[in-house]
1. Which value, in Å² rounded to 10, gives the accessible area of T35 with a 1.4 Å probe and all protein chains present?
2. Working out 0.36 nm times the residue gap between A306 and D323, then minus their Cα-Cα distance, what length gain in nm do you get to one decimal?
3. According to a simple spin-label model (label point 7 Å from Cα along Cα-to-Cβ), what is the distance in nm between W47 and R251?
4. Where does the charge balance sit around R246 when Lys and Arg score +1, Asp and Glu -1, over other residues with C-beta under 14 Å from its C-beta?
5. What shape does the stretch 84-156 have by the C-alpha gyration tensor, where a ≥ b ≥ c are the square roots of the eigenvalues, rounded means a/c under 1.5, and otherwise prolate means a/b greater than b/c and oblate the rest?
6. L240 to A345: extension gain in nm, 0.36 nm per residue of separation minus the Cα-Cα distance?
7. Run the simple label-point estimate for T338 and D229 please: 7 Å along Cα→C-beta, distance reported in nm.
8. What percentage of the solvent-accessible surface of the stretch 182-326, computed with a 1.4 Å probe over protein heavy atoms, is contributed by carbon and sulfur atoms?
Amino acid sequence: MMVMTHGDRALPPERVCSVEDARSGLRGVIVIHSTALGPAAGGCRFWTYDSPDAATEDAMRLAEGMAYKNAVAGLPLGGGKAVLRMPEPPFSRGELFAAFGRAVQALDGEYVTAEDVGTSVEDMEAVARETRHVAGLPPREGRPGGDPSPWTARGVFEAMRVAARARLGRELSDCTVAVQGLGHVGAGLTRLLHAAGARLIVADPKPGIAAKVAVECDAEIMSKDAIVDARADIFAPCALGGVLNRQSVSRLHARLVCGAANNQLADESVAALLADRDILYAPDYVVNAGGIISVAAEYLGWEADAVQRRVGETGMRLQRVFDEAERSGRTPADAADTLARRIIAQGGADAAVAA
Ligand code: NAD
């Protein structure tokens with residue numbers, strides 16, 4: 001087992017640690033972007049990368065994103081991420097994640113892991129045999145934990161309610177919402193919107209999923225390629241990252257974008273394109289923090305009602321970002337980043353306001 005710390009960079013994360021274990025095939029990186037607010041928390045991605053550098057770049061970008069998300073959510077957590085490269089088969093998944101658990105343990109609580117793309121509850125149970133610095137485990141009776149997606153959906157819903165009032169001057173019962181992606185979060189969000197009386201248009205490429213949700217929620221179905229063109233008031237990206245680009249923004253009819261997907265803006269310039277078209281963008285990491293709030297509660301031993309309360313305050317945190325954007329003349333995306341960096345720089349002194 002090797003855990004190696006690399007040198008500083010110009011805009012450095014605090015630490016970039018290579019993790020390797022020849023026996024199990026573990027190869028990857030743990031990036032600790034910031035521990036200014038607490039242990040660096042962020043999931044473990046298990047994916048195929050062309051090179052170690054590509055894995056490290058991805059981990060650094062994701063770790064910084066987690067630091068911002070945790071800061072704006074008012075959590076006493078920094079930001080980090082693990083990216084593990086999928087080895088050639090055959091390999092033992094249990095042994096690989098146990099070796100990863102030992103690497104997490106070697107950091108002695110500086111980094112806290114959980115599920116991300118490509119990892120499961122079973123993988124985190126293997127990690128938990130080696131370290132206690134892991135969340136996303138099966139919930140214990142009456143305690144926070146388990147699948148965070150329902151909390152993510154709830155947070156997006158609360159944010160959308162506030163954003164609809166801010167941009168459209170309407171309640172969700174008077175809005176049409178186009179939901180792109182009906183997976184764990186998108187389907188849950190669609191059900192909450194249906195219960196609130198919203199009109200719905202949905203899309204998902206998986207056969208059967210769109211039909212099932214459409215019947216349940218009285219929704220219109222569009223193809224995955226056409227949903228961006230939907231005649232809706234609100235566009236809710238709940239599938240892939242990078243969905244907002246020059247081309248898709250020019251096609252949007254919605255006046256508001258508010259959804260769960262991570263990294264919705266293909267690049268930073270898209271925030272200005274949205275503003276130019278007078279489309280209000282609710283920054284993704286501000287509205288989709290419900291899941292990490294649940295994960296944080298599990299790791300930090302909070303009561304279940306703390307999750308309910310903090311996720312319920314997602315709309316309030318989004319409103320703060322909108323207010324900051326208006327006051328400073330920045331886009332909401334820029335205002336959120338500025339707010340996050342300020343909270344981190346102040347070591348959480350401002351976090352009480354964000355919480
Ligand atoms: P998921 O994999 O359960 O669902 C994604 C769905 O999107 C799938 O049903 C898939 O078929 C569909 N999809 C893929 N391409 C599509 C396209 N072009 N158009 C329409 N649908 C498409 O994922 P999830 O857990 O629901 O997460 C959704 C998004 O929210 C992801 O970007 C994820 O990173 C982000 N997110 C999730 C959580 C969480 O708690 N699960 C937390 C924060 C952010």
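1. 50
2. Working: separation 17, 0.36 × 17 = 6.12 nm, distance 2.54 nm.
Here the segment from A306 to D323 would lengthen by 3.6 nm.
3. My value for the distance between the label points is 2.3 nm.
4. Working: positive: R251, R277; negative: D267, E268, D276.
Charge balance near R246 sits at -1.
5. Details: a/c = 1.99, a/b = 1.49, b/c = 1.34.
Note, shape of the stretch 84-156 comes out prolate.
6. Residue separation times 0.36 nm, minus the Cα-Cα distance, leaves 34.7 nm.
7. Going from the T338 label point to the D229 one covers 3.7 nm.
8. 52
The values are calculated or read from the model by the stated rules, or taken from the named source; none is laboratory data. Being a predicted model, the structure only gives us computed values, none of them experimental. Positions of Cβ are generated from backbone atoms using ideal geometry, with glycine treated the same way; all protein chains shown enter the neighbour counts. Surface accessibility is based on the protein's heavy atoms, side chains included, excluding ligands, DNA and RNA. Shrake-Rupley method; radii C 1.70, N 1.55, O 1.52, S 1.80 Å.
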